Structure formats: C-alpha cells, structure tokens
Amino acid sequence: MEPRTIRKYPDKLLMKQCKPIEEITEKEIELFQDMLFTMKHFAGIGLAAPQIGIAKKMIVAEVDNRIIKLANPQIVGMRRADSMAEGCLSVPDVVIDIERPNEVIVQGLDDKGNIVEIRMEGLLARVVQHEIDHLNGRLIIDYMNMAEKLKYQLIK
Ligand code: ZN
C-alpha cells in the first residue's frame, strides 16, 4: 500500500466544507483503510479525508491503540475544557495552544454503516475535535491570535 499525498496549507480544499456520506460502501471502507495507513505512515494520530484531497466527512484517529473510523462525525455532548499544544500534518512546523472540551460524545457512522455514539476524553477527544474541524474547513491557524500569526508570518 502506498500512502496518499497530504494536502498542505494553503491548499483550497482544506478550507472547504465537506460533503456528508450517504452510505458506507466498499469505497468508504477502503478509504478508511487508506486514511489510517497514510496517518500512520506520516506518524500522525488523526486524519481527515480532505487532508488527502477528498472533500467528504470521514475521519480516522488512533490514540493508545484505540482506533476511530467515523463518517459524518458530530459532537453531541461535551464537558470540561483544557488547553494543549496542537500540530497538524497539513500545517507543518506550526504548534499552537488550543482550548477545547476535554470530554466529548461523538455520533457518526462506523465502518459497518451503524450509527454509533462514542464517549472519549483526553488526547483522543482532542484529536477527534481537530479532525471534525477539518471537515468544516477549519485549521489550527484559525485559532491563532495576532501574536501567533505574526510569529509564523501568516499576516499578509
Ligand atoms: Zn489537522
């Protein structure tokens, strides 16, 4: 298996709203596998379909051997918040502190086409929220304050 190419900022596709998945077919199952393979190849812990050039609502993540494969993921519950440094394969060399809920309940379609609700916390909750941001065209850059944008020379 070959890893897919990772789209990098400022690729326009990364800023797009992704389309929902209507049905899990062989194609989606294969795509989940491709995404996991590519994620691991580049030493990531999460990946969203737009990062490999597909504007569809699909994400994968793996933290502490817990693998998440979800289509149309949606946050239906959240609790507490903390701040942690985040990076992104599509925004190389940028690390910024982002505040997010520490515990979330995420609803979506699993790779068998079942509607599932998964409770997660800590790093996994953070990664999945980061990947859901990708599906809405949101990048870590969008969380930067003015000082951080200047530091990374992102002010035009
Ligand atoms: Zn990312």
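The values are calculated or read from the model by the stated rules, or taken from the named source; none is laboratory data. Note that the structure is a prediction, hence the values are computed from the model and not measured. Positions of Cβ are backbone-derived with ideal geometry, glycine not excepted, and every protein chain shown enters the neighbour counts.
Would you please name the residue that is farthest from GLN17 (Cα to Cα), looking only at residues in region 114-144 that are within 15 Å of the chain's Cα centre (by Cα) and of a type in the set (Val, Ile, Thr)? Once the filter is applied, the top-ranked residue is VAL127. In this entry, ASP11 is excluded by the filter for residues that are within 14 Å of the ligand (Cβ to nearest atom), at pLDDT below 95 and over 22 Å from ILE115 (Cα atoms). Residues in region 45-99 that are of a type in the set (D, E, K, R), buried (at least 18 other Cβ atoms within 10 Å of the Cβ) and either out of contact with any helix residue (DSSP H, G or I) (no Cβ under 8 Å at 6 or more places or on another chain) or under 13 Å from LEU123 (Cα atoms) (or both): 2 in all. What pairs can you find where one residue is in region 43-64 and within 13 Å of LEU31 (Cα to Cα) and near the ligand (Cβ under 9 Å from one of its atoms), the other is of a type outside the set (D, E, K, R) and part of a loop (DSSP other than H, G, I, E, B), and their Cβ atoms are less than 8 Å apart, with a gap of 6+ or different chains? These pairs meet every condition: LEU47/LEU89; ALA48/CYS18; GLN51/ILE6; GLN51/LEU89; GLN51/SER90.
When ILE115, ILE132, ILE141 are checked against the criterion of being surrounded by 13 or more Cβ atoms within 10 Å (Cβ to Cβ) and touching a Leu at 6+ places or on another chain (Cβ under 7 Å), a single residue qualifies: ILE141.
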